[in-house]
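Reading through the structure tokens given below for one structure.
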Amino acid sequence: MNRPEGRVRDLALSLPAGALPAYIYDLAALATHAAAVRAALPPLVELYYAAKANPEPRILAALAPHTDGFEVSSGGELAHVAAAVPGHPLAFGGPGKTPAEMAAALDRGVGRFHVESTHELRTLAHLAAARRDRQGPVLVLLRFNLTVPSGLLAGGALAMGGRPSPFGLDPAEADTAVRMLADGSCPHLELAGVHAHLASGLAAPELAAVAAAVAGWAAALADRHGLTFRELNVGGGMHVDYADPAARFDWAGYGAALARVARAHPGLRLRIEPGRALTAYCGWYATEVLDVKRSHGEDFAVVRGGTHHLRTPAARGHDQPCAVLPVAGWPFPWPRPEGGSGPVTFAGQLCTPKDVLARAVPAAGIRAGDRVVFALAGAYAWNISHHDFLMHPHPGVHFVGGQDTPGPGAAAPES
Ligand SMILES: Cc1ncc(COP(=O)(O)O)c(C=O)c1O
């Protein structure tokens, strides 16, 4: 599905050129998708949304009814998410948490931390001990960089574990970290269990096998210390296929596999925290072809905007799926620049050869003034981009399937 329909298409065609590029988010499609994901998971599996994928407040609000909480990875995300969806449970994860961020999280009453190192554990214990007014202990999930059976992470686009990395604790430190929490030296912290987000971009069978392996490892760790873990967070990382936008992660298969993991570990609450696979599909980046030219035998369409707004293809090295929406009118008295019969490369306005959104797109006869809409732009898109390089205007932000109000980055239409 890389061709927009309905209100997304209408808006992409009706916005004045000066109001492009624009992000268009389909909130109704997002809610339908999130509800389907929730329904595919066993009731005992908690679904958190990794806000880093897209922290747009209206996206957070649309997800809130279908999720059990939000994973945040910085003090900034924490404050932002707490304001956007007040009252929803938060888990504070991510590497390099500063003491000030952890103290602010404790002040806000955040009750669950994914701890990444023994130093972080000591800092949290110290900060929690200083807060005598706090109700109840702070729950800790120790994040581990586990080795899982070889090959399981190989399909992932972004492996964060299973090899040397700055993420989580090394498994060799597991007994030390558990002892620190179990021997009474961190009295205000309570060890709830283990967290492991090892890779992004895995298919359901691999991700399910990782979850089973992590659960087995965590159970053995708990056994060694005569403990029972109550929680296991197996992270996000569900595959989004940018080459085949109609394909979907097998949520039903993954849900069934998680149910088997849960049955093998009674009393353990499983949690997942997807980002990309929840929001990628609801976002579209709509723009206009400014120029079409032939260079050394290849056709290029230069669009308004580029990878400073939609960095996803540059960051991942893929072609962003897109569709051309032909526009009839041409306001200039000279001939309209037009492509040939071959494939086209879509480039942006930046002075770097890396500013390419999609290569080898079959877009025969594309013309300056046509509209182009890039699909799967709802995750790791605007919020991971280098917005101000070359000082082009920021894109507009529009919502369909909810109330369409321009977001803070909305560009003023050209008069
Ligand atoms: C700790 C953690 N959890 C969840 C996610 C979400 O991953 P994805 O968007 O691939 O589902 C990430 C992404 O980097 C992460 O670092």
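Scanning segment 184-201 for residues that are within 16 Å of the ligand (Cβ to nearest atom), assigned to a loop (DSSP other than H, G, I, E, B) and on the phi > 0 side of the Ramachandran plot yields one hit, Gly201. Checking each residue of segment 294-311 against the condition of being touching a residue at least 40 places away in the same chain (Cβ under 8 Å) and within 16 Å of the ligand (Cβ to nearest atom) gives at least one match.
Can we say Thr176 is farther than 26 Å from Gly76 by Cα and among the hydroxyl-bearing types (Ser, Thr, Tyr)? Quick ask: steps written out before the conclusion?
Values: farther than 26 Å from Gly76 by Cα: yes; among the hydroxyl-bearing types (Ser, Thr, Tyr): yes.
Yes; evaluated as a whole, the condition is true for this residue.
So that you can scan it fast, the table gives a plain yes or no per residue for (1) of a type in the set (Gly, Ala, Ser); (2) within 13 Å of the ligand (Cβ to nearest atom):
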position	(1), (2)
Val140	no, no
Phe144	no, yes
Thr147	no, no
Leu153	no, yes
Gly161	yes, yes
Pro164	no, no
Gly168	yes, yes
Glu173	no, no
Ala177	yes, no
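Considering only residues that are without any contact (Cβ under 8 Å) to a residue 40 or more places away in the chain, within 16 Å of the ligand (Cβ to nearest atom) and farther than 20 Å from Glu71 by Cα, look in segment 235-273 and name the one that is surrounded by the most Cβ atoms within 10 Å (Cβ to Cβ). Out of the qualifying residues, it is Arg248. Per the listing Glu77, Glu101, Glu46, the residue uniquely within 14 Å of the ligand (Cβ to nearest atom), assigned to a helix (DSSP H, G or I), open to solvent by 10 Å² or more (accessible area, probe 1.4 Å) and in contact (Cβ under 8 Å) with a residue 12 or more places away in the chain is Glu77. Within segment 139-183, the residues that satisfy the criterion of being without any contact (Cβ under 8 Å) to a residue 40 or more places away in the chain, open to solvent by 50 Å² or more (accessible area, probe 1.4 Å) and part of a loop (DSSP other than H, G, I, E, B) are Thr147, Ser150, Gly151, Ala154, Arg163, Pro164, Asp170, Asp183. Flag: Pro187 does not match the condition of being surrounded by fewer than 20 Cβ atoms within 10 Å (Cβ to Cβ), of a type outside the set (A, V, I, L, M, F, W, C) and under 19 Å from Leu41 (Cβ atoms). Of all residues in segment 274-298, those satisfying the criterion of being open to solvent by 10 Å² or more (accessible area, probe 1.4 Å) and of a type outside the set (Phe, Trp, Tyr) are Arg276, Glu288, Leu290, Asp291, Val292, Lys293, Arg294, Ser295, His296, Gly297, Glu298. You will find that of Ala105, Ala62, Ala79, the residue that is of a type outside the set (Lys, Arg), farther than 30 Å from Phe144 by Cβ and modelled with pLDDT of 95 or more is Ala62 and no other.
Inclusion of Pro337 among residues that are more than 23 Å from the chain's Cα centre (by Cα) and either open to solvent by 70 Å² or more (accessible area, probe 1.4 Å) or over 20 Å from Gly396 (Cβ atoms) (or both) is warranted. For segment 1-35, which positions are more than 20 Å from Ala375 (Cα to Cα) and of a type in the set (A, V, I, L, M)? Across segment 1-35, the qualifying residue is only Ala35.
Of all residues being closer than 30 Å to Gly136 by Cα and of a type in the set (Gly, Ala, Ser) in segment 190-219, which is surrounded by the fewest Cβ atoms within 10 Å (Cβ to Cβ)? Just the residue, please. Among them, the one singled out is Gly216. Only residues that are β-branched (Val, Ile, Thr) and surrounded by fewer than 19 Cβ atoms within 10 Å (Cβ to Cβ) were counted in segment 20-43, giving 1. Scan segment 104-138 for residues that are outside any loop (DSSP other than H, G, I, E, B), open to solvent by 10 Å² or more (accessible area, probe 1.4 Å) and away from the ligand (no atom under 16 Å from the Cβ) and jot them down. Hits for segment 104-138 are Ala104, Asp107, Thr118, His119, Arg122, Thr123, Ala125, His126, Leu127, Ala129.
The values are calculated or read from the model by the stated rules, or taken from the named source; none is laboratory data. Because the structure is predicted, anything quoted here is derived from the model rather than measured. Note that each Cβ is placed from the backbone with ideal geometry, even for glycine, and that neighbours are counted across all protein chains shown. All accessible areas refer to the heavy atoms of the entire protein, side chains included, with ligands and DNA or RNA removed. Shrake-Rupley method; radii C 1.70, N 1.55, O 1.52, S 1.80 Å.
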